1. Out of curiosity, is SER19 open to solvent by less than 90 Å² (accessible area, probe 1.4 Å) and modelled with pLDDT of 70 or more?
2. Any residue that is aliphatic (A, V, I, L, M) and at pLDDT 90 or above - is there at least one of those in region 64-85?
Amino acid sequence: MKNTIKLGLLSAMIIGVFSACSSEPKSLDYYKDPKNAKELEAKIKECNKNANSAKTDTECANAYNAEYSKSFQNSKNTEISDEEAAKYLNLKKKQ
């Protein structure tokens, strides 16, 4: 009887350890959240160490996509003057 209880407790401990180690990857929405900006930055640095990380690691892919999405969103919120638009679009008036 004591061995059965010990075996049951040992099994529960092993299951607990393995379930804690195999957590779900952090989602794209998680990394997009401004509260997690520091973690996004750290993950990007970690992922940049491996050239294929976006293909092999779901969290890296999510972090890269979140960073891209944020940069795209920031560019949409940027206003430019008429002079800047003309400079970049070569629309200067001929004098």
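The values are calculated or read from the model by the stated rules, or taken from the named source; none is laboratory data. Being a predicted model, the structure only gives us computed values, none of them experimental. With ligands, DNA and RNA removed, areas are computed over all heavy atoms of the protein, side chains included. Shrake-Rupley method; radii C 1.70, N 1.55, O 1.52, S 1.80 Å.
1. no
2. Looking for residues that are aliphatic (A, V, I, L, M) and at pLDDT 90 or above, one finds at least one in region 64-85, hence yes.
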